[in-house]
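Structure first, commentary second.
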Amino acid sequence: MDINIEQIRKDFPILNETVHGKPLIYFDNAATTHKPQVVIDAVSEVYKKYNSNIHRGVHHLSNVCTQAHENARIKVQKFINAEHSHEVIFTRGTTESINLIASSFGESFLKPGDEILVSQLEHHSNIVPWQLLEKRIGIKLRYIPINDAGELKLDTIDQLINSKIKLIAIAHISNALGTINPIKTIINKAHALNIPVMIDGAQAIQHVKVDVQELDCDFYVFSGHKLYGPTGIGVLYGKEEWLNKMEPYHGGGEMIKTVSFEGTTFNELPFKFEAGTPDFSGSVGLGAAIAYVEQIGIGKIAQYEHMLLEYATEKLSAIPNIRFFGTAKEKASVISFLIGDIHPFDLGTMLDKMGIAVRTGHHCAQPLMQYFNIPGTIRASFAIYNTKEEIDKLIEGITRVVQLFG
Amino acid sequence: MTINEIQEEIIDEFSSFDEWMDKYSYLIEIGNDLEGFKDEWRLEQNLIEGCQSKVWVHAEMQDDKIIYSADSDAIITKGIIALLIRVLSNRTPDEILNSELSFVEEIGLKDHLSPTRSNGLVSMMKQMRLYAIAFKAKQA
């Protein structure tokens with residue numbers, strides 16, 4: 001595997017930090033990834049060299065800054081292979097992207113009695129916005145159930161899909177289990193009945209190649225901060241035909257063409273959905289993150305992370321009384337587990353003392369935890385800078401804790 | 001002993017631990033040993049739901065003193081609960097309301113009791129004070 005892991009680790013300054021006097025071992029990458037120096041530099045350059053409000057100034061800096069922001073949009077467009085750059089809307093993150101769709105798609109196309117289909121393994125951010133629509137519009141939220149391995153029960157989809165369903169909104173990869181969902185199959189089934197599909201790519205964009213044209217999804221959403229980019233910037237990709245037909249989300253500057261007290265006309269895409277001053281330092285940082293990922297190669301990243309996943313799964317399997325949650329055939333580098341009766345909070349607290357950061361709790365997927373009838377799990381999720389040696393330390397740490405509780 | 005004397009005692013006990021591991025072993029030990037929370041108290045109204053661990057708190061007056069009982073599904077949380085009960089239980093409402101829990105910081109557990117932690121302990125401490133205020137109002 002021609003990945004220079006030592007060089008990659010040097011790219012991430014935070015990996016030099018110590019936690020409770022121990023070198024940091026960071027396995028909470030599904031929550032957020034760390035940032036390479038090139039991203040930190042790109043953001044800081046904005047403020048040092050060309051900070052200015054964009055899309056409106058005649059002065060030099062404003063033009064430079066506008067250019068940088070729009071170049072970032074093109075980088076995103078190429079990264080996900082969108083047909084047009086105006087199909088890329090900058091948002092604050094996945095959550096805002098989904099809320100935007102719920103609000104604008106809901107207002108434009110939904111009426112009482114219509115249904116939205118999600119799945120049992122969704123993050124709360126792909127459940128609650130639709131529940132708000134249940135209250136506001138009177139739609140009904142339904143879900144595709146999963147099996148014990150944490151895979152969608154695909155055979156139920158045909159019964160679930162009917163003419164009442166107006167949108168299918170589904171995670172590409174489960175944040176709590178790592179399951180890679182068969183989204184292409186779902187999109188094909190949905191399109192056969194003219195139902196649009198939104199893919200929540202928050203856990204996928206950093207792990208697998210996403211090609212929105214090949215997928216033919218109608219919407220694809222993700223966050224910058226899980227893709228080695230800055231926090232506070234995210235993306236909503238939407239097919240032009242849908243975005244043009246949808247009502248705006250937020251009102252304000254930038255998103256209008258003309259405003260008078262008699263009425264307002266809206267700007268064209270993508271600006272129609274970007275009210276107010278955009279997060280141009282965030283977009284530039286995201287552009288730098290994408291360039292960083294592309295320079296390594298998303299294929300190589302996936303391959304390396306898969307090696308880590310297999311290594312960790314094998315090593316963890318040797319721990320007595322371990323129970324894995326999410327054993328799908330197709331999995332990204334996320335491992336959720338419990339050991340005996342040890343509470344995830346206790347194990348997480350002790351690992352933290354050893355400098356190892358894991359996630360504990362329900363992972364914002366309480367319906368999924370209810371399915372497994374557990375309060376939560378311990379989750380280790382890997383990124384490009386993690387190593388087998390770090391996984392060995394995790395195993396050592398867990399073994400120490402097990403002895404203590406034994 | 002006064003609340004402050006017990007706090008001093010706990011600080012003293014913890015000062016003998018050189019390693020964090022010893023400290024947490026001790027918390028696990030006293031967490032495991034914490035008893036007295038009756039099943040009939042395991043009610044929705046006594047539950048403090050943290051994002052990470054659940055805490056149940058019950059309080060009742062015996063003579064002029066408040067007796068606290070509490071439980072958690074996580075052992076480390078339970079260990080810290082045991083310390084809080086040792087300091088605050090069997091005290092008058094005034095003693096509780098006038099107390100300042102300095103021991104938490106002194107023994108290096110401040111992290112667990114900061115508002116950013118979602119383990120239910122912060123809400124539990126608030127709840128203990130609220131009980132003291134309520135019982136005091138009842139006495140008056």
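The values are calculated or read from the model by the stated rules, or taken from the named source; none is laboratory data. Everything quoted here is computed from the prediction, not taken from an experiment. Note that each Cβ is placed from the backbone with ideal geometry, even for glycine, and that neighbours are counted across all protein chains shown.
Screening A:E87 on (1) touching a residue at least 40 places away in the same chain (Cβ under 8 Å); (2) over 12 Å from A:L243 (Cβ atoms); (3) in contact with a Phe, Trp or Tyr (Cβ under 8 Å, 6 or more places away or on another chain) shows it passes everything except condition (2).
Among the strands (runs of 3 or more DSSP E) confined wholly to region A:312-406, which include 2 or more residues that are within 14 Å of chain B (Cβ to nearest Cβ)?
In region A:312-406, the matching strands (runs of 3 or more DSSP E) lie at A:334-339, A:359-361, A:377-381.
Within region B:72-83, residues that are within 9 Å of chain A (Cβ to nearest Cβ) sit with their Cβ atoms under 8 Å from residues that are assigned to a helix (DSSP H, G or I) and among the hydroxyl-bearing types (S, T, Y), at 6+ positions apart or across chains, in these pairs: B:I76/A:T349; B:I76/B:Y24. Can you name the residue in region B:86-106 that is closer than 25 Å to A:L347 by Cα and buried (at least 20 other Cβ atoms within 10 Å of the Cβ) and is also farthest from the other protein chains (Cβ to nearest Cβ) among such residues? If we take residues in region B:86-106 being closer than 25 Å to A:L347 by Cα and buried (at least 20 other Cβ atoms within 10 Å of the Cβ), then B:F103 is farthest from the other protein chains (Cβ to nearest Cβ). Give me a count of the residues in region A:110-145 that are surrounded by fewer than 19 Cβ atoms within 10 Å (Cβ to Cβ), part of a helix (DSSP H, G or I), of a type outside the set (A, V, I, L, M, F, W, C) and out of contact with any Leu (no Cβ under 7 Å at 6 or more places or on another chain). Total meeting the criteria: 3.
Among residues that are charged (D, E, K, R) and crowded, with 23+ Cβ neighbours inside 10 Å, A:D341 is not included.
Under 25 Å from the mean Cα position of the chain (by Cα) and in contact (Cβ under 8 Å) with a residue 24 or more places away in the chain: does that describe A:G150? Yes: the conditions hold for A:G150. Could you say which residue among A:Q77, A:Q37, A:Q67 is free of Cβ contacts under 8 Å to residues at least 40 places away in the same chain, polar (S, T, N, Q) and in contact with a Lys or Arg (Cβ under 9 Å, 6 or more places away or on another chain)? A:Q37 is the lone residue from the list that is free of Cβ contacts under 8 Å to residues at least 40 places away in the same chain, polar (S, T, N, Q) and in contact with a Lys or Arg (Cβ under 9 Å, 6 or more places away or on another chain).
Any chance region A:217-236 includes a residue that's in the same structural domain as A:L110 (by TED's automatic domain parsing), surrounded by fewer than 21 Cβ atoms within 10 Å (Cβ to Cβ) and of a type in the set (F, W, Y)? No, every residue in region A:217-236 fails to be in the same structural domain as A:L110 (by TED's automatic domain parsing), surrounded by fewer than 21 Cβ atoms within 10 Å (Cβ to Cβ) and of a type in the set (F, W, Y). Checked against the criterion of being under 22 Å from A:L308 (Cβ atoms), of a type outside the set (A, V, I, L, M) and either more than 14 Å from every other protein chain (Cβ to nearest Cβ) or touching a helix residue (DSSP H, G or I) at 6+ places or on another chain (Cβ under 8 Å) (or both), the candidates A:T33, A:T66 yield just one match: A:T33. For region A:6-39, a residue qualifies if it is assigned to a helix (DSSP H, G or I) and either among the acidic types (D, E) or within 24 Å of the chain's Cα centre (by Cα) (or both), and the qualifying residues are A:E6, A:I8, A:R9, A:D11, A:P13, A:I14, A:L15, A:Q37, A:V38, A:V39.
Do we find a residue being over 12 Å from the mean Cα position of the chain (by Cα), among the hydrophobic types (A, V, I, L, M, F, W, C) and farther than 15 Å from B:I30 by Cβ anywhere in region B:62-84? For region B:62-84, residues over 12 Å from the mean Cα position of the chain (by Cα), among the hydrophobic types (A, V, I, L, M, F, W, C) and farther than 15 Å from B:I30 by Cβ: present. When residues in region A:191-211 are screened for being part of a helix (DSSP H, G or I) and surrounded by 23 or more Cβ atoms within 10 Å (Cβ to Cβ), 0 of them pass. Taken over region B:34-58, the criterion of being away from chain A (no Cβ under 14 Å) and among the acidic types (D, E) is satisfied by B:E35, B:D39, B:E40, B:E44. A residue that is more than 14 Å from chain A (Cβ to nearest Cβ), touching a strand residue (DSSP E or B) at 6+ places or on another chain (Cβ under 6 Å), under 16 Å from B:E35 (Cβ atoms) and of a type outside the set (D, E) can be found somewhere in region B:59-68.
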